[in-house]
Every structure is written in structure tokens, then in C-alpha cells.
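The structure appears right after this line, and notes come after that.
The values are calculated or read from the model by the stated rules, or taken from the named source; none is laboratory data. What you are looking at is a predicted structure, and each value in this text was computed from that prediction instead of being measured. Counting neighbours? That spans all protein chains shown, and the Cβs are built from the backbone with ideal geometry, glycine included. Surface areas here come from the heavy atoms of the whole protein model, side chains and all, with no ligands, DNA or RNA. Shrake-Rupley method; radii C 1.70, N 1.55, O 1.52, S 1.80 Å.
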Amino acid sequence: EAKDRGRSGYVVFDAALRGALEERQQTEADLRMAIDGGQLRLLYQPVVDVRSGKMTGVEALVRWEHPTRGLLGPDAFIAVAEDTGLIVDVGRWVLHEACRQLADWRAIPGASLTMAVNVSARQLCDPGFPGVVTAILAETEVDPDAVCLELTETALLDATEATIATLEALHRLGVRLALDDFGTGFSSLTFLKRFPIDVVKVDRSFVRDVAADPDDAAIVAAVAKLGRSLHLETVAEGVETAEQLAVIRRLGCRSFQGYLFSPPRPAADIPALLPSPRRSRERTEAPVITAS
Ligand code: C2E
Ligand code: MG
Ligand code: MG
Ligand code: MG
């Protein structure tokens, strides 16, 4: 009896494994076509100054408009893209599209938004990456210091000398570098010393309970303090409530992102969220909290 169960369990496992492999291979083949076929999209989530309540920039977040599976988030395809190396092409498309869009927005009088773009470890390892960034900045005529490349601690974990050289080359170009999901990886403090980082993004797992959990509040306060001492900008991710905003403001975070101000949105929605010069003069005290 036990043997039968084992046997049938094995068959089920085998079928499931084969199914997963086939789905992966299908995703890889589809993704290859998606890049060239124009199925990738970018959404933009506002980054907001905590004190003024004004949007100062956006983060580009990739989506895949899959012909049969619908709109896919990064969790559905970034891992496959990384494993297959397709992330290099996805990443180049994302950076190009984000910079093209930024150039449009910066042409709006009074708007000087910044653009954050997520970069995978695999892209950083590519010695051609700084050249790709240089070419895209030149073609789109975007100010390098308006662009911030977001890296994760995991991406920096096994950074080789070549990766460090790449980061330094990027920094010399004038683009800013952010450490994303700060606090979820390893050796965060070493990274801050070892790499030319300009921005630290406090992971939303610390922000979620920041108003109720003294441990989370202590961590966010420490990161904000570290940021001030090391002249880093600190961004709190995943701010969903006015209470969370009040706490991260008190703890000294400079900027925030989150559903409280806005979820990631299509490009066409962004200009309406730009602070108008007149409105900003009226609102010197109470920050604008909600954009929607
Ligand atoms: P991330 O860079 O940390 O981006 C923030 C994620 O948090 C986004 O998820 C965003 O939609 C979500 N988020 C924003 N505000 C809130 C909030 O208030 N509450 C909650 N619960 N979530 C919020 P998304 O768009 O699904 O992206 C997930 C991750 O995928 C990103 O995390 C980033 O690591 C990766 N990713 C996105 N676009 C790209 C890309 O172009 N290239 C690479 N390599 N990775 C990307
Ligand atoms: Mg990010
Ligand atoms: Mg993040
Ligand atoms: Mg995150």
C-alpha cells in the first residue's frame, strides 16, 4: 500500500516537474518574442518628498502584456529572464524606454523628475553595461544625475572586482545608485562603505508595522540616521497609510513610495500628479498625501 502511494506520488511529482519545466521553456520562448514584439510595458510609481508631499521622481516597474496570460508582473518572468540571460535585453529595453519617457517629462516646464530603474545582478556582471547606459543617456539626452539605478543587496553579494569596476564606471557617468530592499539581504553596512551608493530604500517589510512594532521603528530610525551621516537619501517603500507616513517622517526618512500616494501607473497618468507651481505655494505646511 505504502509502495503504491510512493509510486503514484512519484508519478505526480514527475508530471508536475515536467509541467513546470515546460512552462519555463514556454515562458523563455515567449519572452524572447515579447522583447522584440513590443509586449513589455512600464508602469511608473511616484517617489514623494516626505516633507513637501510632492512627487520628485518615479520608479519604472516592468510589466508584460502577454497575449494569452494577460498582464504579468515581474514575479512571473524576471527570474526566468535572469536564468536565461534574457534579462540583459529586458533590462536594456526598460532603461531605454524609461529614459525616453523621462526626457518627455523633463520637457514639461517646471518638472524635473528623477527616474529610478531596477537593475539585475546579471546586467551588472555584463562588462558592456556601462557602455549601454552611456549610449542610452546620449541618445535620449537625459541628464545622468536624473537617473538612479536600483540594485539589491543580493546582486552585490558576490560582486567581483569587475562588478565593482562597473559600479564605479556608472558612478563616474553621473548616474545615481540605490540599494533596493535594504535590510532584507546581508552585509548591508559593508556595501555602503564598499560601493558608491547614493540612495537607500528601506524595504517595505520594515515599513508595514513601523507604527506598531518598536523593533521595526528602531530599524527604520537607524537606517534614516545612517543615511544622514553618510549623506545618503533614504526612501521608505510600501507606505500605505497616513500613520506609516507620519512615523517614517518623524524617524527622518527623506522620501517615500507607496499606495498611499499612488500605485504604479501608466505613463499617461503621471503629468497630472506633478505639483503645479501655484498649488505648491499654497501648500507650505500640510503635505499633499493622496494623489488619486
Ligand atoms: P521593487 O523594486 O522593490 O519595487 C517595489 C514593488 O513594491 C513593486 O512591485 C511595487 O508595485 C510594489 N509596491 C509599491 N508600493 C507598494 C505598497 O504601498 N504596498 C505594497 N504591498 N506594494 C507596493 P512590482 O512592480 O511587482 O515589482 C516587484 C519587483 O520586481 C521590484 O521590486 C523589482 O525588484 C523587480 N522589478 C520590477 N521591474 C523590474 C525591471 O525592470 N528590472 C528588474 N531587474 N527587476 C524589476
Ligand atoms: Mg526598485
Ligand atoms: Mg524595493
Ligand atoms: Mg521590494
For this session: Would you confirm whether any residue within the stretch 166-176 is among the polar types (S, T, N, Q), out of contact with any Pro (no Cβ under 7 Å at 6 or more places or on another chain), closer than 29 Å to GLY73 by Cα and touching a residue at least 12 places away in the same chain (Cβ under 8 Å)?
Result: no
Exercise. Pick from the stretch 53-68 the residues that are charged (D, E, K, R) and closer than 24 Å to ARG249 by Cα: which of them is most open to solvent (accessible area, probe 1.4 Å)?
Worked result: LYS54
Exercise. When only residues in the stretch 235-252 that are in a loop (DSSP other than H, G, I, E, B) and within 14 Å of ligand 3 (Cβ to nearest atom) count, which is surrounded by the most Cβ atoms within 10 Å (Cβ to Cβ)?
Worked result: VAL239
Problem set entry | Sole exception among (1) open to solvent by less than 50 Å² (accessible area, probe 1.4 Å); (2) touching a Ser or Thr at 6+ places or on another chain (Cβ under 7 Å); (3) more than 16 Å from ligand 3 (Cβ to nearest atom) for VAL175, by number | (2)
Exercise. So which of THR234, THR154, THR184 is in contact with a helix residue (DSSP H, G or I) (Cβ under 6 Å, 6 or more places away or on another chain) and among the hydroxyl-bearing types (Ser, Thr, Tyr)?
Worked result: THR234
Exercise. Can you tell me which of GLY227, GLY252 is away from ligand 1 (no atom under 16 Å from the Cβ) and modelled with pLDDT under 95?
Worked result: GLY227
Exercise. Only one residue in VAL48, VAL80 is in contact (Cβ under 8 Å) with a residue 40 or more places away in the chain, in contact with a strand residue (DSSP E or B) (Cβ under 7 Å, 6 or more places away or on another chain) and open to solvent by less than 40 Å² (accessible area, probe 1.4 Å). Which one?
Worked result: VAL48
Problem set entry | Meets criteria (within 16 Å of ligand 2 (Cβ to nearest atom), open to solvent by less than 60 Å² (accessible area, probe 1.4 Å), farther than 27 Å from PRO275 by Cα and part of a strand (DSSP E or B)) for LEU151 | yes
Exercise. Yes or no: ILE136 of a type in the set (Val, Ile, Thr) and over 19 Å from VAL62 (Cα atoms)?
Worked result: no
Seminar exercise, completed: Subset of the stretch 180-189, residues away from ligand 1 (no atom under 11 Å from the Cβ) and surrounded by 14 or more Cβ atoms within 10 Å (Cβ to Cβ), comes to GLY183, GLY185, SER188
Exercise. Within the bounds of the stretch 221-234, is there any residue that is open to solvent by less than 80 Å² (accessible area, probe 1.4 Å), in contact with a Cys (Cβ under 6 Å, 6 or more places away or on another chain), farther than 22 Å from ARG51 by Cα and not small (Gly, Ala, Ser)?
Worked result: no
Exercise. Is it true that LEU192 is open to solvent by less than 70 Å² (accessible area, probe 1.4 Å) and out of contact with any strand residue (DSSP E or B) (no Cβ under 6 Å at 6 or more places or on another chain)?
Worked result: yes
Problem set entry | Flag for ARG204 being surrounded by fewer than 21 Cβ atoms within 10 Å (Cβ to Cβ), at pLDDT 95 or above, in contact with a strand residue (DSSP E or B) (Cβ under 8 Å, 6 or more places away or on another chain) and basic (Lys, Arg) | yes
